[in-house]
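This report concerns only the one structure given below.
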Amino acid sequence: MDLGLEGRRAAVAAASSGLGLATAQALAAEGVRVAMCGRDRERIETAAKQVGFGAVPLVADVASVDGGEAFVAAAADALGGVDILVTNAGGPPGGNFESTDPGAYQAALELNLLSVVGMVKAAVTPMVERRWGRIVAITSLSVRQPMPHLILSNTARAGATGFLKTAAREVAGSGVTINSVQPGLHLTNRVKQLYGDNPPDGPIGDPTDFGAIVTFLCSEQASFITGAAVNVDGGAYQALQ
């Protein structure tokens, strides 16, 4: 299937590994010009070489509003504009209600909520002016089903989902779609850090497959999908709605 993306320009955040890297690879394979960021120059340059197709490595820390805005601006400068934005960031430290200091919530909100706000604000106005754009946020299954020992992530990403659904409605009909994708457990460094050799029971996803789903949401065929929150979790979420 031709997804109609050849020649489009994408900014993919936190793409030096894991789901961000897999998404950058999937977009590039469809002929999309990709600018991708990470905090470490060597790692993001290595990742860009893996992506190929002229992917542009950018050093940026998207852990705040300012950092998110700066990344989108740098990607627009490098590519001549941004048609597709994939927001992404690492997760905050694990912990439960009892063990987590209230002061830790601010950094988590900056990382997994406010950085998304910054990236979307920087990208959406030019997209609306061009009457075409795709924004896909990589969040977490914890938005639907809070995960044990991840209270900071559960809290911040739920707020991001509310923001994204609200913004999607405001720009609906402009040619710009805003969706989120909620991964369950995938074979990434984040999962290894959290669970080591003892992940929870159930299947573990392939990041390559995840990147293909994000790419479809960026396609011409997905132009009427907006405000959606798509769980990609191998059946882990079991509620009826």
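Taken together, the values in this text are just the output of simple stated rules run on the coordinates, not laboratory data. Computed from a predicted structure; not experimentally measured. When we count neighbours, we look across all protein chains shown, and the Cβ atoms used for this are built from the backbone with ideal geometry, even at glycine.
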Please give the length that would be gained between ALA104 and LYS49 if that part of the chain were fully extended, namely 0.36 nm times their separation in residues minus their C-alpha to C-alpha distance (nm, one decimal). 16.3 nm
Helix 115-130 sits off the longest principal axis of the Cα atoms of the chain, rounded to the nearest 10 on a 0 to 90 degree scale, by 20 degrees
Anyone know which of ALA104, ALA160, ALA212 comes out most mobile in the 10 Å Cα GNM of the chain? ALA104
Using the alpha carbon gyration tensor of the chain, what are the three equivalent-ellipsoid semi-axes (square root of 5 times each eigenvalue), largest first, in whole Å? 26, 19, 18
Two-site label geometry, ALA229 and ARG169: point separation in nm, points 7 Å out along Cα→Cβ: 1.3 nm
Mean separation of Cα pairs under 8 Å and 6+ residues apart, divided by the residue count of region 1-137: what relative contact order is that in percent? 25 percent
Mean Cα-pair separation over length for the chain, i.e. relative contact order, pairs under 8 Å, 6 or more apart, %: 21 percent
In deg cm²/dmol, rounded to 500, what helix-only [θ] at 222 nm does the chain give when every DSSP H run of at least 4 residues adds -39500 (n - 2.57) and the total is split over its residues? -13000 deg cm²/dmol
Could you check the simple spin-label distance between GLU220 and THR208, using points 7 Å along Cα→Cβ, in nm with one decimal? 2.7 nm
Applying a 10 Å radius around every beta-carbon, put 231-240, 70-79 in order of their mean neighbour count, most first. 70-79, 231-240
Which angle between 0 and 90 degrees, to the nearest 10, do you get for helix 207-217 versus the longest principal axis of the chain when only C-alpha atoms count? 50 degrees
Among GLY80, GLY38, GLY159, the residue with the largest mean-square fluctuation in a Gaussian network model of the chain built from Cα contacts under 10 Å is GLY80
In nanometres, what is the gap between the two model label sites at ASN96 and VAL59, each 7 Å from Cα along Cα-to-Cβ? 4.1 nm
Helix 151-171: inclination vs the chain longest Cα principal axis, degrees, rounded to 10, gives 30 degrees
